[in-house]
1. Having 1 or more residues that are modelled with pLDDT of 95 or more and of a type in the set (Gly, Ala, Ser) is the bar; report the strands (runs of 3 or more DSSP E) wholly within segment 476-588 that clear it.
2. Filter segment 530-555 for residues that are among the basic types (Lys, Arg) and surrounded by fewer than 19 Cβ atoms within 10 Å (Cβ to Cβ) and give the result.
3. Hey, can you tell me all the residues within segment 250-280 that are polar (S, T, N, Q), touching a residue at least 12 places away in the same chain (Cβ under 8 Å) and out of contact with any strand residue (DSSP E or B) (no Cβ under 8 Å at 6 or more places or on another chain)?
4. When segment 176-193 is examined, which residues are found to be among the small types (Gly, Ala, Ser) and surrounded by 19 or more Cβ atoms within 10 Å (Cβ to Cβ)?
5. Quick check on Arg255: is it basic (Lys, Arg) and over 18 Å from the mean Cα position of the chain (by Cα)?
6. Given the structure, is Ile143 in contact (Cβ under 8 Å) with a residue 24 or more places away in the chain, loosely packed, with under 13 Cβ neighbours inside 10 Å and in the same structural domain as Leu220 (by TED's automatic domain parsing)?
7. Please return the ranges of helices (runs of 4 or more DSSP H) entirely within segment 1-110 where 2 or more residues are touching a strand residue (DSSP E or B) at 6+ places or on another chain (Cβ under 6 Å) and either small (Gly, Ala, Ser) or crowded, with 17+ Cβ neighbours inside 10 Å (or both).
8. Examine segment 228-250 for a residue that is crowded, with 18+ Cβ neighbours inside 10 Å, of a type in the set (Val, Ile, Thr) and in a loop (DSSP other than H, G, I, E, B), and state whether such a residue exists.
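The values are calculated or read from the model by the stated rules, or taken from the named source; none is laboratory data. Not measured: the values here are computed from a predicted model. Counting neighbours? That spans all protein chains shown, and the Cβs are built from the backbone with ideal geometry, glycine included.
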Amino acid sequence: MTEKELSIQIDQDLQKIDSLLDSQLIDEAYTEYVNLLEKIEGKEYKDINRQYKAKVYISFAYFLFSGSQFNSFFEMLLKAQEYGHPKDEIEEVILEAFVRPNLNEFRNLYEANINFLHKNNYIDIEKIIHFDDLPFWLLPNGIPNEYYLYNKSQKLLQDKVTLFTYKQVQSLPTLDAFSDYLLLGDWNWNTVLAYNNSARKRSKKTYVVLKDIEKSLSCLQGALLNSAIISNVVIFDSLDRFRQYMSSSDLFLPRNIINLSDSSSMPQYILDEIHDNRIHKDNRKGNRVLLSVCIPSYNRGKRAYENVVHLLQSQYDEEIEIILSNNGTQNETKAYYDKISEIEDARLKYFAFNENQGFASNCCKVCELASGKFILLLSDEDLINLNNLHFIMNKLCISNDTISVMRTSSTTQYNLSNLVANPGRDALINFMLSSNYMSGIILNNKLLKNYRGIEYIKENLNNSVCYWYPHMYWELLLCQYGFVESTDLVLVNEGKAEKSEFDKLKIDDEVVIPYYASIKGRLEQHEGFTHIFRDLEICAKDPGLYREMYLQLCAKTLFLTTVSINGYYKRTSTDYKQLYEQVYEFCSSESFYKTKISNTNDNYRSDLEILAQIYGHFKKSI
């Protein structure tokens, strides 16, 4: 058929449908519409002009509207629009049927949503658009949460959107377990909500930069936002706005970038720029330090300098600080400490004593200077594994209100399992006396200072434990007041030990023993721990725990005695078996036990049996 014949045929088909409708034969009319659509969309009517196709689609659209089939109505309206049906007529239909009857509701929803975002500081854009100036109408199609967007200026029906529902994100791109997320998208709320929901489950914030903020805001006419739908988010209308926001704050930078709008490297460039600015001393705010890396150092300037330089390679700025205290070094490495003092990085705090104050006092000084929520103690010869630091930072951030001590693994000294112990007895029994090596232990700074842990060390420097192992006292102290966690993550790469200056004993003019590793030193430590146990609040309340802790101490003392004997005394003429007996007699002394532990005969006899078993066990290794 010719185009004219096709046009006549379509007019006849539409007249037939009108007749059916006049006769209330709705189903038959619907069938005729479907048949007519098949014709104009198939080969039979392929030569028909666009005007007649539009005529069929708009006619069917009105029919569907009359039956309240709004979703199908919009589908036909889109087709009519595609084939050139007059825009003004379509606009009038939309205004009359969907906008004017719902105008007050649209306005109220929009203003309530804007107020919600403002009230919670979830939005930071140059200008909030007034409702009357929104570029799109949001048109309900009869299906819950589904709408069509209508472009006011172009007079075009556009995208179909589903509001405030989202699919689960299968995998949230994460380069840094500690950091928040920066999402760059177009305008679609479903994308924003999907990633925000996944980030919230990880207790992370989402910073959202939307390319088409006006279109996104237009969607706020449709349904109410609330904290269950979206929270822990800030929405921006440009990267520059995001830059200004982060540059003026001490908020942690969102180093996990999800770029859905383009492949530009600009987001990373902006983050690097802000980081570089923050590490200048004039720009540091320093109010939100999570981790203070505390390094007591003495006579090892080169190692200390290399350690600080390594730590300053960290991508963290406001989250972290490095504190190094030089314990009055006067040897050939002193110049390296001078180099450390000249470093301009704002994350570094440097202190120097004029004279050696002893290891414990130096440890106290670095902790006194710490402003972070947590203190990481680190020997100057050991390096932090920066590739694993973000995992540890994340653990600390998530549990900063509950955790008192975290023990991390190291390359040699500590190969720990993942364990969490409850405050008090559970923490003490699982973790006490197991942290001779200082590097990698993390302490809750607030608890340490609230319970006067630093003052206790300073006031008890005559106690061998406080003098040699202040961190072991701090661990015991904090075990009482918070959860203690260990992790198999290797945070500390142990360096090759350097010759250290220490008090020492010389036996047979040949074998030099560090005083703390001598039998005399071990017994002093044993007595020192006993005094510390008695001073703990929990032991005063729980005598049974005190006895149990003492038995563990005896086991530790006998074990360390075997280490000293096998490592040093066997190379001398000393009767080392007699030394072992001497240590056992000290640990099991009835007078010592009844004076320091319990004055009850039954308790002594019961614990003596356990001590005898421990004694026999370690004796086999000599």
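1. 483-493
2. Listed by number, the residues that qualify are Arg534, Lys541.
3. Step one: filter segment 250-280 for residues polar (S, T, N, Q), giving 256, 259, 261, 263-265, 268, 277.
From what's left, touching a residue at least 12 places away in the same chain (Cβ under 8 Å): 256, 259, 261, 277.
Listed by number, the list holds a single entry, Asn277.
4. Here is the first cut: in segment 176-193, the residues among the small types (Gly, Ala, Ser) are 177, 179, 185.
Of everything in segment 176-193, those that are among the small types (Gly, Ala, Ser) and surrounded by 19 or more Cβ atoms within 10 Å (Cβ to Cβ) turn out to be Ser179, Gly185.
5. no
6. So Ile143 fits the description; yes.
7. 70-82
8. yes
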